[in-house]
Amino acid sequence: MNTPPNTRRLWALLLLSMSLWACGDEDNGQGEVVVTVYGEDFIESGLNADDMADGWSVTFDRFVVTVGEVSVGGASIPAQAPIDISVQTDGAGHPIASVQVPAGAHTSSNFVITRVELSGAATKDGVTKAFDWTFDQEVRYSACETTTTVTDGQSATFQITVHADHFFYDSLVAEEPQVVFQALADADADNDGQITREELENTDIGRYDPGSAGDVNDLWGWLTAQNQTLGHVDGEGHCDFQALTN
Ligand SMILES: [Ca+2]
């Protein structure tokens, strides 16, 4: 089909002006997003007896989190080296990466945690129970409830907040579960002061409430299920979570 030259020129002008308009409309500049990982006071300082419902207190000497791909503001950040978030930051969290994104208000961020390793001890009435656990489980956190507002030339923060107290919840479903340690302490069957994975695998969940998670029968399975719920954003922002591996 032959299009008359004038019409072609008109179309070209129209397309050119449309593309200029689109550029102008979107060009609000760009800024930086710094991704941090923060374990709150619970991980940096531990859980006091006041934080727990049954008088145990818990401290962590290591809480190493490996963050996989992070997506924020339409930009992807590749997997990062493991980071020990038990190290004190006085509320700042640990920066792990930064990325340039268009200025604007960004939602729908998501991230992956591929591994959590923690060691520490719980104490009550002069009894100490140590633990050294690794959850080698890839968990994807998506549709996170936060807005990351980026201004041209400025720096914003996207914080992955790790809620360690979930390991000590007595329910997988309650709105306000109790934070307790007694059942885990009692799992130390040989009473050597170390609560091992094997001992937890051999201990029934007892009175803990698994809700509809019918496959959670022993305390190791319990901790693995709670491990999937650790990831939040900017403090208390929730994300949908899904285990990508067992
Ligand atoms: Ca033991």
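For residue 114, indicate whether it is among the β-branched types (Val, Ile, Thr), closer than 15 Å to residue 159 by Cα and open to solvent by 20 Å² or more (accessible area, probe 1.4 Å). For residue 114, the condition - among the β-branched types (Val, Ile, Thr), closer than 15 Å to residue 159 by Cα and open to solvent by 20 Å² or more (accessible area, probe 1.4 Å) - is not met. Residues in region 63-79 that are in a loop (DSSP other than H, G, I, E, B) and crowded, with 18+ Cβ neighbours inside 10 Å: 1 in all. Remark: pairs (first residue in region 175-195, farther than 26 Å from residue 238 by Cα; second residue more than 10 Å from the ligand (Cβ to nearest atom) and part of a strand (DSSP E or B); Cβ separation under 7 Å; 6+ apart in sequence or on different chains) = 185/122; 193/128. Taken across region 92-100, residues that are open to solvent by less than 10 Å² (accessible area, probe 1.4 Å) and in a strand (DSSP E or B) do not occur at all. If you go through region 80-91 and pick out every residue that is buried (at least 16 other Cβ atoms within 10 Å of the Cβ) and in contact with a helix residue (DSSP H, G or I) (Cβ under 9 Å, 6 or more places away or on another chain), you end up with 2. So for region 163-178 (the condition being touching a His at 6+ places or on another chain (Cβ under 8 Å) and within 30 Å of residue 80 (Cα to Cα)), does at least one residue qualify? Within region 163-178, one or more residues are touching a His at 6+ places or on another chain (Cβ under 8 Å) and within 30 Å of residue 80 (Cα to Cα). (1) within 16 Å of the ligand (Cβ to nearest atom); (2) part of a loop (DSSP other than H, G, I, E, B): which one isn't true of residue 130, the others all being true? The single condition residue 130 does not satisfy is (2).
Selection of region 47-62 for residues being open to solvent by less than 50 Å² (accessible area, probe 1.4 Å) and either under 18 Å from residue 170 (Cα atoms) or free of Cβ contacts under 8 Å to residues at least 12 places away in the same chain (or both) yields 47, 49, 52, 54, 55, 56, 57, 58.
Within region 183-220, restricting attention to residues that are surrounded by fewer than 17 Cβ atoms within 10 Å (Cβ to Cβ) and closer than 21 Å to residue 52 by Cβ, the residue that is farthest from the ligand (Cβ to nearest atom) is 209.
Taken over region 165-182, the criterion of being of a type in the set (A, V, I, L, M, F, W, C) and open to solvent by less than 30 Å² (accessible area, probe 1.4 Å) is satisfied by 167, 168, 179, 180, 181. Summed over region 130-164, the residues that are open to solvent by 20 Å² or more (accessible area, probe 1.4 Å) and more than 20 Å from residue 245 (Cα to Cα) give a count of 13.
The values are calculated or read from the model by the stated rules, or taken from the named source; none is laboratory data. Values in this document were obtained by computation on a predicted structure and should not be read as measured data. Quick reminder, even Gly has a Cβ in these numbers, built from the backbone with ideal geometry, and neighbours come from all protein chains shown. In case anyone asks, the SASA skips ligands and DNA or RNA and just uses the protein heavy atoms, side chains included. Shrake-Rupley method; radii C 1.70, N 1.55, O 1.52, S 1.80 Å.
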